[in-house]
């Protein structure tokens, strides 16, 4: 087991291996992400029953909830990649952290905007400074901060290091987002999906949501892989194997 992990570590640290291996996944990831998105949206928007309190306005959860979950997961992935770079100086980890940041920030922004659209008919206001919304806004600022540090210094290594440190420090915000509705009084409803409890949603509403969550993560994986491949081509452009790809 340990030897397998060591081999995997060395392979993941190889730009050439990553580029060649992920090239086989792109079509299938795109197909899976697109297919699940179509199924999830059709079921959620056309076939799921209206909520007895919120009516049809609840359907925005099929965008809002997956985006919010992905924004938090992406931040944790970015922080882990940054930690790998700080500890082992794996350049691939630094590139992955760099490409995750804007993607995670985009999903965080989508979550905030869709939450505001949802909040207007539900709460009667676009925005309230409660714990969940404020901590999600802080997550967006953390993403911006990491991206700024990754571009701020002349030394690429110093930029990656600074961004990784901020990402790790910002991890403290993730449990605040998750448990904010339990720790403080808030307008935001409690978590719909919990690992330790049976979902409170009707299956006709729940399954489209689960499918959309899967679709969002597949799309995230696809975008990160494509952006990482571009980073590899740029940083390894002087390598012979990259020249062959660019010339073909």
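Overview of results
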item	result
Rounded tilt (10° steps) of 203-235 against the dominant C-alpha axis of the chain	20
Column: log10 I(q)/I(0), Debye, Cα scatterers of the chain, q = 0.10, 0.12, 0.15 Å⁻¹	-0.57, -0.79, -1.13
Extension reserve of the residue 17-residue 129 stretch, reckoned as 0.36 nm per residue once the Cα distance is removed	35.7 nm
Förster-model FRET efficiency, 25 Å R0, residue 202 and residue 179, C-beta, rounded to 0.05	0.45
Scattering curve values for region 209-248, log₁₀ I(q)/I(0), Debye with Cα scatterers, q = 0.14, 0.18, 0.31 Å⁻¹	-0.45, -0.58, -0.93
Region 124-176: C-alpha pair distances exceeding 14 Å, %	58
Whether region 15-74 is rounded, prolate or oblate, judged on the alpha carbon gyration tensor where a/c under 1.5 counts as rounded	oblate
Cα gyration tensor category, rounded, prolate or oblate, for region 148-187 with a/c compared to 1.5	prolate
Burial ordering of 7, 59, 239, fewest other beta-carbon atoms within 10 Å first	7, 239, 59
0 to 90° range, to nearest 10: angle between helix 156-169 axis and the chain longest Cα axis	30
Footprinting exposure proxy for 36, 216, 125, 186 (fewest neighbouring C-beta atoms within 10 Å first)	125, 186, 36, 216
Residue 233/residue 109 FRET efficiency (R0 30 Å; Cβ-Cβ; nearest 0.05)	0.65
Ranked list, fewest to most other Cβ atoms within 10 Å of each Cβ, for 202, 235	202, 235
Projected area, mean over directions - region 70-190, Cα convex hull, nm²	7.2
Angle in degrees between helix 173-183 and the longest Cα principal axis of the chain, rounded to the nearest 10	10
Region 104-248 - Debye-derived log10 I(q)/I(0), Cα point model, q = 0.12, 0.17, 0.21 Å⁻¹	-0.72, -1.16, -1.45
Region 10-117: C-alpha gyration tensor shape, a/c 1.5 cut-off, then a/b vs b/c	oblate
Value of [θ]222 nm, deg cm²/dmol, for the chain, DSSP H segments ≥ 4, -39500 (n - 2.57) each, nearest 500	-25500 deg cm²/dmol
Principal axes of region 94-143: Cα extent on each, largest first, Å	43, 17, 10
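Since every read-out is calculated from the coordinates, none of them should be taken as a lab result. Keep in mind the model is a prediction, meaning the values are calculated, not measured. We place every Cβ from the backbone using ideal geometry, glycine too, and count neighbours over all the protein chains shown.
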